[in-house]
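Each value in this text was obtained by applying a stated rule to the coordinates, not by laboratory testing. Since the model is a prediction, treat every value here as computed from it, not as a measurement. No Cβ is skipped: glycine too gets one built from the backbone with ideal geometry, and neighbour counts run over all protein chains shown.
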Amino acid sequence: MLDQRSLLGVADLAPAGALAILDLAEEYVALNRRRDKKRGVLRGLTQINLFFEPSTRTQASFELAGKRLGADVMNMSVGSSAVKKGETLVDTAVTLNAMHPDILVVRHAMSGAVALLAQKVNCAVVNAGDGAHEHPTQALLDALTIRRRKGRLSRLTVAICGDILHSRVARSNIALLDKMENRVRVIAPSTLLPPEIDRWRVEVFHDMKAGLEGADVVMMLRLQTERMSGGFIPSVREFHHRYGLDHEKLAAAKPDAIVMHPGPMNRGVEIDALVADDLERSVIREQVEMGVAVRMAVLDLLARNIPGEGAA
Ligand code: CP
């Protein structure tokens with residue numbers, strides 16, 4: 001069970017809570033493979049998806065998750081909303097709150113924006129990614145994928161590679177994998193590591209083959225060029241040469257190591273198409289499938305804490 005109203009980050013998720021989500025998600029994986037995918041656990045509830053940044057996987061899977069569980073789901077079109085007329089995040093939150101939603105799913109470009117919004121509303125809030133801070137449901141779906149493929153979620157060596165600096169996926173994964181007692185490595189040029197990296201519970205590598213040596217899981221990250229305004233890398237070609245995952249570099253990992261990527265991928269930049277599409281090693285499509293199940297589990301567990309009739 002989850003004893004919290006909202007899911008803002010892995011940081012405030014106890015290991016037991018994370019495992020409860022993964023265990024329930026397993027049931028939803030089975031449900032989603034059936035012809036009848038509907039359950040009524042969110043019947044009567046209103047879910048609003050409020051995405052201030054682009055998304056394919058996260059927004060679509062939260063929409064499917066809410067609908068499969070019986071909620072009324074509304075996708076706010078931020079591009080045609082009053083945000084375009086200058087309405088602030090807080091005013092947008094207060095306005096939506098007046099319509100009595102039960103769950104808000106929010107993505108925003110600023111770290112901390114989702115937590116700020118959560119203070120202004122009296123419904124459940126799920127962080128669907130805030131700046132370079134957290135993307136908790138991505139870490140949970142990654143954890144479910146790893147547990148299904150490796151048979152456990154502890155005592156694994158996980159290498160997270162590429163643009164660590166701008167990655168909320170890396171931060172949430174590191175937090176969750178550490179809670180589950182894994183060995184986490186980051187592999188990146190020093191320009192794509194945060195200044196506080198020394199305080200993170202990770203081993204740092206600048207060379208792919210050294211960092212991938214003996215890894216059970218290889219997690220590639222998207223090079224987030226849209227968040228870069230200067231010389232983070234000499235060139236995309238040089239970055240690909242040193243940090244792009246191909247079969248030659250992957251050979252340093254364990255022979256049964258799995259390859260992950262949160263998407264969207266830059267093929268030929270951080271990952272070669274031949275590796276991304278190698279179904280012996282790549283679990284990228286499975287990550288997408290797990291995303292729907294994990295988000296159903298998160299919505300279901302949070303909804304159990306929503307007060308019933310007569311409550312304020
Ligand atoms: N992994 C992820 O967050 O993908 P989207 O940006 O498509 O939601």
Worksheet item: How big is the gap, in Å, between the Cα center of segment 237-255 and the Cα center of segment 122-159?
Response: 24 Å
Discussion item. Which three numbers, in whole Å and largest first, are the semi-axes of the equivalent ellipsoid of segment 68-118 derived from its Cα gyration tensor as √(5λ)?
Written reply: 19, 14, 11
Response to the item:
Compactness check, segment 151-204: C-alpha Rg relative to the 2.2 N^0.38 Å globular estimate gives 1.07
Worksheet, complete the sentence: For segment 1-71, whose charge dipole is built from +1 on Lys and Arg Cβ atoms and -1 on Asp and Glu Cβ atoms, the candidate among T56, L7, A18 with its Cα farthest towards the positive end is T56
Worksheet item: Normalised by the number of residues in segment 12-110, what is the relative contact order in percent for Cα pairs under 8 Å and 6+ residues apart?
Response: 35 percent
Discussion item. Given the options L193, G211, H241, identify the residue whose Cα lies farthest towards the positive end of the charge dipole of segment 185-262 (+1 on Cβ of Lys, Arg; -1 on Cβ of Asp, Glu).
Written reply: L193
Discussion item. At a 10 angstrom cut-off on C-beta neighbours, averaged per residue, how do the peptides 76-83, 32-39, 254-261, 163-170 rank from highest to lowest?
Written reply: 163-170, 254-261, 76-83, 32-39
Item to complete: Counting only C-alpha contacts under 8 Å and six or more residues apart, can you give the relative contact order of the chain as a whole percent?
Response: 21 percent
Worksheet, complete the sentence: Semi-axes of segment 231-292 from the Cα gyration tensor (sqrt of 5 times each eigenvalue, largest first, whole Å) come to 22, 15, 9
Worksheet item: Can you flag which of K85/K120; K150/K179; K209/K254 are past 19 Å Cα-Cα?
Response: K85/K120
Discussion item. Over segment 83-150, what is the relative contact order in percent, taking alpha-carbon pairs closer than 8 angstrom and at least six residues apart?
Written reply: 28 percent
Fill in: Anisotropy class of segment 260-312 from Cα gyration tensor, a/c 1.5 cut
prolate
Worksheet item: If one computes P(r) from the Cα atoms of segment 34-178, what percent of pairs lie at distances over 20 Å?
Response: 54 percent
Worksheet item: What is the dipole size for segment 60-128, taken about its Cα centre, with +1 at each Lys and Arg Cβ and -1 at each Asp and Glu Cβ, in debye to the nearest 20?
Response: 140 debye
Item to complete: Please find, in a Gaussian network model of the chain (springs between Cα atoms separated by less than 10 Å), the residue of V94, V73, V202 whose mean-square fluctuation is greatest.
Response: V94
Worksheet item: If you build a Gaussian network model of the chain, linking Cα atoms that sit under 10 Å apart, which residue out of M265, M99, M110 swings the most?
Response: M99
Discussion item. Counting only helical runs of four or more DSSP H residues, what would the 222 nm mean residue ellipticity of the chain come to if each run contributes -39,500 (n - 2.57) and the total is spread over all its residues?
Written reply: -11000 deg cm²/dmol
Worksheet item: Can you list the equivalent-ellipsoid semi-axes of segment 194-312, largest first and in whole Å, using the square root of 5 times each Cα gyration tensor eigenvalue?
Response: 34, 20, 16
Item to complete: Sum up the charges of everything whose Cβ sits under 13 Å from the Cβ of F62, counting Lys and Arg as +1 and Asp and Glu as -1, but leave F62 out.
Response: +3
Item to complete: Work out the P(r) tail for segment 128-268: percent of alpha carbon pairs separated by more than 26 Å, whole number.
Response: 16 percent
Practice prompt. For A128, list long-range residues whose amide hydrogen, built 1.01 Å from N in the peptide plane, is under 5 Å from its own amide hydrogen.
Written response: V106, R107
Worksheet item: Long-range amide H contacts for M110: which residues qualify at under 5 Å (H placed 1.01 Å from N, peptide plane, sequence gap of 5 or more or a different chain)?
Response: G131
Worksheet entry | Per-residue HN-Hα couplings for segment 68-74 [Karplus 6.51, -1.76, 1.60; θ = phi - 60°; Hz; x = Gly/Pro] | 5, 9, x, 6, 7, 10, 10
Practice prompt. First select every other residue whose beta carbon is under 11 angstrom from the beta carbon of K150; then total the charges, Lys and Arg +1, Asp and Glu -1.
Written response: +4
Worksheet entry | Rg and Dmax of the chain, Cα atoms only, in Å | 19.4, 62
Worksheet entry | Karplus (6.51, -1.76, 1.60) ³J(HN,Hα), θ = phi - 60°, over segment 150-167, in Hz, Gly and Pro reported as x | 9, x, 7, 10, 8, 6, 10, 9, 10, 9, 10, 10, x, 7, 5, 3, 9, 9
Worksheet, complete the sentence: In debye to the nearest 20, the charge dipole size for segment 20-61, taken about the Cα centre with +1 at each Lys and Arg Cβ and -1 at each Asp and Glu Cβ, equals 320 debye
Practice prompt. For V73, enumerate residues with amide H under 5 Å from its amide H, sequence gap 5+ or separate chain, H modeled in the peptide plane.
Written response: Q47
Fill in: Dipole moment magnitude, nearest 20 debye, segment 119-168 about Cα centre, only Lys, Arg, Asp, Glu C-beta charged
420 debye
